[in-house]
Amino acid sequence: MGGRCGSVGRGESALKYLAAYLYRTAFSAERILQDDGRFITFSYRHHSGQTRTVRLAAECFLHRFLQHVLPRGFQRVRYFGWLSPASKTNWERILALLDWTPPPLTPPSPWPSPLCPSCHQPMKPYCSLARAPPF
């Protein structure tokens with residue numbers, strides 16, 4: 001595991017530390033399907049809505065999991081205050097009482113044409129190039 005353990009430690013102390021976070025994140029214990037000591041198989045919801053499974057080495061699983069653990073004292077913004085999903089009905093009620101409707105969307109103004117470094121006049125497009133493929 002190298003230096004990734006940090007202040008969590010190893011063995012039993014690391015397990016106790018991580019166990020407290022298992023129920024405080026979006027990852028529930030029910031999603032762990034198999035743990036053979038070296039590899040962990042768990043399920044996740046793909047952006048298409050399908051439930052998929054993945055099998056990772058324990059070190060890779062812990063690395064991914066710990067990226068979602070917040071430091072002590074921090075709180076996830078999506079679950080906090082007026083912006084939380086639980087307060088959506090409160091927002092709808094407030095907006096209804098104020099008889100507020102969102103302003104119409106206006107299209108963004110176009111970017112100004114770049115100026116020619118020689119004559120300082122607006123440059124006109126000559127042609128467009130195909131976009132390079134992603135790496």
Open item on the list: At 1.4 Å probe size, with the rest of the protein present, what percent of the exposed accessible area of the stretch 30-135 is carbon and sulfur atoms?
Closed with: 62 percent
- [ ] Report, by chain and number, residues whose modeled amide H sits under 5 Å from the one on Phe39, excluding near sequence neighbours (fewer than 5 apart, same chain).
- [x] Ala58
Task: Relative contact order computed over the stretch 36-105 (Cα-Cα under 8 Å; 6+ residues apart), in percent - done: 17 percent
- [ ] Divide, for the stretch 44-135, the radius of gyration over alpha carbons by 2.2 N^0.38 Å, where N is the residue count.
- [x] 2.02
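The values are calculated or read from the model by the stated rules, or taken from the named source; none is laboratory data. Please read these numbers as outputs of a predicted model, since none were measured by experiment. Remember, those area values only see protein heavy atoms, side chains included, never the ligands or the DNA or RNA. Shrake-Rupley method; radii C 1.70, N 1.55, O 1.52, S 1.80 Å.
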